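Below is one structure, written out as structure tokens, with a few remarks after it.
The values are calculated or read from the model by the stated rules, or taken from the named source; none is laboratory data. Predicted model, so just to flag it, every value in this text is computed and none were measured. Please note: Cβ atoms are built from the backbone with ideal geometry, for glycine as well, and neighbour counts cover all protein chains shown.
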């Protein structure tokens with residue numbers, strides 16, 4: 001999650017710096033493109049899902065089975 005946020009922030013900074021440098025259009029266009037790609041990667045990168053935590057009802061079932069034994 002931190003990596004995604006960091007890349008998103010750096011992408012936004014690069015886009016802003018590119019906008020500032022738009023007078024020097026070549027460097028500005030490159031920074032804007034890199035910033036947009038970095039933000040896109042950060043937003044749409046497929047991170048692995050976190051393992052599901054057991055619910056309270058599942059724990060209650062485990063305790064009931066243990067008591068029944």
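Can you pull out every residue in region 7-45 that is outside any helix (DSSP H, G or I) and out of contact with any helix residue (DSSP H, G or I) (no Cβ under 8 Å at 6 or more places or on another chain)? Of everything in region 7-45, just one residue is outside any helix (DSSP H, G or I) and out of contact with any helix residue (DSSP H, G or I) (no Cβ under 8 Å at 6 or more places or on another chain), namely 24.
Any chance you could count how many residues in region 40-54 are at pLDDT below 70 and under 17 Å from residue 7 (Cα atoms)?
Narrowing region 40-54 to residues at pLDDT below 70: 46-54.
Keeping just the survivors that are under 17 Å from residue 7 (Cα atoms) gives 46-47.
Summing the residues that are at pLDDT below 70 and under 17 Å from residue 7 (Cα atoms) in region 40-54 gives 2.
Just one of the listed residues (69, 57, 4) is in contact with a helix residue (DSSP H, G or I) (Cβ under 6 Å, 6 or more places away or on another chain) and either modelled with pLDDT under 80 or surrounded by 12 or more Cβ atoms within 10 Å (Cβ to Cβ) (or both), namely 4. Taking first residues from region 15-27 that are under 18 Å from residue 37 (Cβ atoms) and partners that are at pLDDT below 75, the Cβ contacts under 8 Å between residues at least 6 apart in sequence or on separate chains come to 18/27; 21/27.
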